[in-house]
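In what follows, a structure is listed as structure tokens, so that the remarks can point back to it.
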Amino acid sequence: MKRSIATVCLSGTLDEKLDAAASAGFDGVELFEADLINSPLRPDEVRALADARGLTIDLYQPFRDFEAMPEPDFRRAEAKFDVMEALGAPTMLVCSNVSPHAIDDDALAAAQLLELASRADARGLKIAYEALAWGRHVSEYDHAWRIVERADHPALGTCLDSFHILSRGTSLDTIDAIPGEKIFYLQLADAPFLSMDVLQWSRHYRCFPGQGALDVRGLLARVLAAGYSGPLSLEVFNDVFRQADPCRTAIDAMRSLILLEDEPLPEPAALNGFAFVEIGVDSPEIEDLLRAMGFAHVGPHRSKPVQLFQHGEIRVVLNHGVGEDDPEVVAIAVDSSDPDASAARAEALLAPRVERRRGAGEADLTAVAAPDGTAVFFCGPDWLDDFLPTGEAESDGVPIERIDHITLAQPFEAFDEAGLFYRSVLALEPSASAELAAPDGLVRSRAYAAGDVRVVLNVPALASTRERSELQHVAFATSDALAAARAMRERGVPLLAVPDNYYDDLEARLGIDTAPLRELGVLYDRTPEGELLHFYTARLGGRVFFEVLERRGGYRGYGALNSPVRMAAQTGGERHAEGAGA
Ligand SMILES: O=C(O)c1ccc(O)c(O)c1
Ligand SMILES: [Mg+2]
């Protein structure tokens, strides 16, 4: 189907918005009135600009506070029709009246919309009437449809907006009763569940389908079943997108539509956990730490300054060629049952390829770049052959087994984009997001998982100019956290100290004996499904640390409840170290 995007979704000036929409592959735009009014470009120039970029202007929007008025403003309407003719925009969106002067009278609304539609029709234009969720007298789509049906004019139809419908929880049954050709336009937006005034929710927190919690997919299926054949158009008001790079937002938006439509998308290949995690480093200290955690240096890469360390199923690749000052997770790799299929799906979802140097005879690994720049590799079985065996053996006695999850701090503007990236490219399912209080600010966190591939994304809740530590960590699964903590402590792994107050609270809340946990700095969580025991290493330089976790029973979470004490301990340790050095 034709794909469109409202200019209000994108930051920048009108010409920048058009450029971004076109470069992401959109067919058309909804022109948001303010974007035109604030532009130095004449309507005919906007039309030419859109035309030159292969974009149609599908909708002019919104025309506000028109219907059910004592004196409907046809003069203003005619002036806007002039603009639409110059733009080549066929349809005007009229959103339901919010004015205190509006009269609660459907017959009046229908009569005035009928008059508007016949004037539009005289110019070959159409009117699409939309219920705003906060409209004064019309706030439900089925009500807007009854008024359209009552007016009964061929140039008058309705505009359905998934946000207004799903935010109010209106039954979707009436959609089936609207003839497809009377649905003149469909606007798609998702949003996280928030308990707040619906206007504020709509104007600040909408997001692209797949990024929020609304069943946009279900709604789309109903609208298509009704026979709608117009554009699938994204209309997202979002504070973060308004300040993000419009080209990136437009690609994020297009990825959302591709996922929503499903059709030309290769099926996701089954993933069998993480093949490896790659850490960029320029110092050898991390090698000592990995050995203390029981890892063996399995081998150097045949042609690159890259070392493979392994313990059980856990593989950590240290890349000395991309080392920043501080160690940093630069790549994650999934073990794919069909790496070519994984790569094809990633490409279909507009994931940018990471170009890599490859020596003769080396495995041909495809990597794509996640929004924060982390490379995501799709591995088959043969990549291990790229390393020359050293014969070094792993140590017994440190019971860690596989990578459980990888947690990556995201740049402020990349959080929703990154979530949709992992959700679509790797077909990971999101869990609910959590808010975690760190000493230096609130952190929003959301996990994405499929089988043994789990990625947790964190982001500061507010953009900040302050220097913030953007922590990343790799969590290793164990079947015995206490034994693992004891073994690592004996082997000299620096573990994060946990305050006594934490254990006192744990005893007060749960009535458990915390002595073994307290002794080793192991944190604890319990849900009806099971238990979690987990602990952390100190940070390796600035950003990276390791976690070891034991899931007991059916525990599926990530110990979010314990993140604040962990973050406080990390901040405290850092300030302590600064103080000691002074
Ligand atoms: O927030 C608004 O005013 C507004 C305007 C036009 C729309 O289509 C819409 O869904 C909301
Ligand atoms: Mg709308």
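The values are calculated or read from the model by the stated rules, or taken from the named source; none is laboratory data. What you see is a predicted model; the values in this text were computed from it and never measured. Here Cβ is always computed from backbone atoms with ideal geometry, including for glycine, and neighbour counts include all displayed protein chains. Accessible surface areas use protein heavy atoms only, side chains included; no ligands, DNA or RNA. Shrake-Rupley method; radii C 1.70, N 1.55, O 1.52, S 1.80 Å.
Among the residues making up region 23-47, a single one is open to solvent by 30 Å² or more (accessible area, probe 1.4 Å), within 23 Å of the chain's Cα centre (by Cα) and under 19 Å from residue 242 (Cα atoms): 23. Looking at region 130-176 only, could you name the residues that are of a type outside the set (Asp, Glu), within 16 Å of ligand 2 (Cβ to nearest atom) and part of a loop (DSSP other than H, G, I, E, B)? 131, 132, 133, 134, 135, 138, 139, 170, listed by residue number. Across region 308-343, the qualifying residues are those that are modelled with pLDDT of 95 or more and of a type in the set (S, T, N, Q), and the one among them that is surrounded by the fewest Cβ atoms within 10 Å (Cβ to Cβ) is 337. Pick out the one residue from 156, 186, 166 that is buried (at least 17 other Cβ atoms within 10 Å of the Cβ), more than 16 Å from ligand 1 (Cβ to nearest atom), assigned by TED's automatic domain parsing to the domain that holds residue 229 and without any contact (Cβ under 8 Å) to a residue 60 or more places away in the chain. Selected residue: 156, the only one of 156, 186, 166 that is buried (at least 17 other Cβ atoms within 10 Å of the Cβ), more than 16 Å from ligand 1 (Cβ to nearest atom), assigned by TED's automatic domain parsing to the domain that holds residue 229 and without any contact (Cβ under 8 Å) to a residue 60 or more places away in the chain.
The set of residues from region 536-560 being modelled with pLDDT of 95 or more, open to solvent by 20 Å² or more (accessible area, probe 1.4 Å) and over 22 Å from the mean Cα position of the chain (by Cα) comprises 551, 552, 553, 554.
Check region 193-206 and report whether any residue there is at pLDDT 95 or above, among the β-branched types (Val, Ile, Thr), open to solvent by 10 Å² or more (accessible area, probe 1.4 Å) and within 16 Å of ligand 1 (Cβ to nearest atom). There is at least one residue in region 193-206 that is at pLDDT 95 or above, among the β-branched types (Val, Ile, Thr), open to solvent by 10 Å² or more (accessible area, probe 1.4 Å) and within 16 Å of ligand 1 (Cβ to nearest atom). Any residue that is modelled with pLDDT of 95 or more, closer than 16 Å to residue 181 by Cβ and charged (D, E, K, R) - is there at least one of those in region 140-148? No, region 140-148 has no match at all. Against the test of being crowded, with 19+ Cβ neighbours inside 10 Å, among the small types (Gly, Ala, Ser) and in contact with a Lys or Arg (Cβ under 9 Å, 6 or more places away or on another chain), the options 369, 346 yield a single qualifying residue, 346.
Can you confirm whether residue 256 is part of a loop (DSSP other than H, G, I, E, B) and either over 21 Å from the mean Cα position of the chain (by Cα) or in contact (Cβ under 8 Å) with a residue 24 or more places away in the chain (or both)? For residue 256, the condition - part of a loop (DSSP other than H, G, I, E, B) and either over 21 Å from the mean Cα position of the chain (by Cα) or in contact (Cβ under 8 Å) with a residue 24 or more places away in the chain (or both) - is not met. Only one of the numbered conditions (1) surrounded by 16 or more Cβ atoms within 10 Å (Cβ to Cβ); (2) touching a strand residue (DSSP E or B) at 6+ places or on another chain (Cβ under 7 Å) is violated by residue 15, and that is (2).
Restricting attention to region 450-506, the residues being within 20 Å of the chain's Cα centre (by Cα) and not in a loop (DSSP other than H, G, I, E, B) number 11. Counting the residues of region 65-107 that are within 16 Å of ligand 2 (Cβ to nearest atom) and farther than 16 Å from residue 120 by Cβ gives 4. Can we say residue 127 is within 15 Å of ligand 2 (Cβ to nearest atom), more than 31 Å from the chain's Cα centre (by Cα) and touching a residue at least 12 places away in the same chain (Cβ under 8 Å)? Yes.
Among the residues making up region 108-124, a single one is open to solvent by 10 Å² or more (accessible area, probe 1.4 Å) and either within 41 Å of the chain's Cα centre (by Cα) or within 16 Å of ligand 2 (Cβ to nearest atom) (or both): 124. Selection of region 81-107 for residues being open to solvent by 40 Å² or more (accessible area, probe 1.4 Å) and more than 36 Å from the chain's Cα centre (by Cα) yields 82, 85, 100, 101, 103, 104, 105, 106, 107. Restricting attention to region 285-301 and to residues that are among the small types (Gly, Ala, Ser) and assigned to a strand (DSSP E or B), the residue that is nearest to residue 312 (Cα to Cα) turns out to be 296. When 442, 420 are checked against the criterion of being surrounded by fewer than 18 Cβ atoms within 10 Å (Cβ to Cβ), in contact with a strand residue (DSSP E or B) (Cβ under 9 Å, 6 or more places away or on another chain) and of a type in the set (A, V, I, L, M), a single residue qualifies: 442.
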